[in-house]
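Notes to accompany the following structure.
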Amino acid sequence: MRNTRTFLASLAASMLLVAPVAAETELTVYTAVEAEDLKRYAEKFNESYPDIKINWVRDSTGIITAKLLAERDNPQADAIWGLAATSLLLLKSEGMLEPYAPVGVDKLDKKFVDGDNPPAWVGMDAWVASVCYNTVEAEKAGLKPPTSWKDLTDPMYAGHVIMPNPNSSGTGFLDVSSWLQMFGEEGGWEYMDALHDNIARYTHSGSKPCKLAAAGEIPIGISFAFRGAKSKAAGAPLEIIVPSEGVGWDMEASAIVAGTANPEAAQKLLDFSVTKEANEMYNSGYAVVAYPGVAKPVEHFPEGLLDAMIENDFEFAANNRDAILKEWQSRYDGKSEAK
């Protein structure tokens with residue numbers, strides 16, 4: 001018995017000398033990145049930071065932006081990963097972002113980095129608008145391929161076009177804000193009035209119109225080019241059309257939420273976001289990335305698309321976002337899918 005007590009006492013004493021295991025930090029990250037990609041980003045991040053667990057909260061751009069604004073006085077997120085730069089500019093103007101210069105940010109293309117020092121947000125990649133045109137379904141319907149945005153207002157396309165709702169989708173918002181820039185405010189709304197006559201419905205996802213066109217459910221989906229290229233590579237009978245007036249675009253970006261209880265873990269996520277390795281991962285989903293020299297040619301990516309990208313006024317889009325969305329909703333929301 002005495003030996004047993006001696007052993008237990010020695011065991012207890014030795015346990016006191018063992019250093020406590022570091023507690024795992026849980027990082028709540030709001031994102032609009034495609035759900036299928038989030039697991040691989042977390043796995044790669046955890047190779048360098050195994051003690052940080054990412055809890056993703058994923059939804060479309062508009063919904064994530066609205067959620068962040070609603071939580072302004074009681075933030076629930078620690079960081080934002082892959083949200084439209086126009087949304088982050090809005091959040092920055094509301095004082096909701098914690099400035100931070102990630103290690104290695106100086107290696108990125110400057111147009112992907114907020115101009116303040118330290119920056120409030122850092123870009124990851126860019127997505128560009130285009131038209132996904134199903135050649136088989138279009139031929140059945142007796143349609144001809146459009147060559148411009150304004151072509152899509154032709155009565156022959158009535159009921160054959162789907163596009164994203166800008167209140168939900170970043171792709172939808174970049175379409176609307178780019179049309180207002182290209183055609184002027186009055187001309188932009190006149191264009192959308194005419195386009196609305198031909199819209200079958202508005203989706204709450206930016207990739208869905210192209211996915212539906214690829215599946216043959218609709219001849220024409222207004223979406224983004226990489227989604228079209230990916231679907232075409234998988235065998236869909238798609239033509240990816242670059243409208244002659246030019247195309248809107250936006251970038252995915254990341255930031256730290258002001259007031260986070262986990263600032264060091266959030267900084268590590270931002271450090272990871274600017275690495276060459278992370279940018280190589282972005283390139284599997286986007287043709288344009290923030291780290292120069294990383295992007296590889298994308299099969300079926302339409303020629304001339306990068307040259308067609310408009311001189312996007314992000315400040316205009318961010319500063320007028322609320323008014324644009326309210327006006328759009330009052331005019332066109334009746335054709336939106338149920339949420």
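The values are calculated or read from the model by the stated rules, or taken from the named source; none is laboratory data. Keep in mind that what you see is a predicted model, and the values were worked out from it rather than measured. Cβ placement follows ideal geometry from the backbone for every residue including glycine, while neighbour counts extend to all protein chains displayed. Accessible surface is based on the protein model in full, side chains and every heavy atom, while ligands, DNA and RNA are left aside. Shrake-Rupley method; radii C 1.70, N 1.55, O 1.52, S 1.80 Å.
Whenever a residue of region 200-222 is among the polar types (S, T, N, Q), its partners that are modelled with pLDDT under 95, lying with C-beta atoms within less than 7 angstrom and at least six residues away or across chains, give the pairs S205/S60; S205/S169; S207/R227.
Within region 156-169, the only residue that satisfies the criterion of being open to solvent by 10 Å² or more (accessible area, probe 1.4 Å) and in a helix (DSSP H, G or I) is M156.
In the condition set (1) touching a strand residue (DSSP E or B) at 6+ places or on another chain (Cβ under 8 Å); (2) at pLDDT 95 or above, A35 is compliant with all but (2).
Looking only at residues in region 11-32 that are of a type outside the set (A, V, I, L, M, F, W, C) and at pLDDT 50 or above, the one that is farthest from S87 (Cα to Cα) is E24. Filtering region 106-157 to residues that are small (G, A, S) and at pLDDT below 95 leaves G115, A126. For L89, the conditions (1) assigned to a helix (DSSP H, G or I); (2) within 19 Å of V289 (Cβ to Cβ); (3) open to solvent by less than 40 Å² (accessible area, probe 1.4 Å) are fulfilled apart from (2).
Contact annotation: residue pairs with Cβ atoms under 7 Å, 6 or more positions apart or on different chains, pairing a residue in region 51-67 that is of a type in the set (F, W, Y) with a partner that is open to solvent by less than 20 Å² (accessible area, probe 1.4 Å) and assigned to a strand (DSSP E or B), are W56/V29; W56/T31.
Restricting attention to region 146-155 and to residues that are open to solvent by 40 Å² or more (accessible area, probe 1.4 Å) and part of a loop (DSSP other than H, G, I, E, B), the residue that is farthest from T31 (Cα to Cα) turns out to be D154.
Condition check: more than 24 Å from D154 (Cβ to Cβ) and over 22 Å from the mean Cα position of the chain (by Cα). Does A261 satisfy that? Yes, satisfied.
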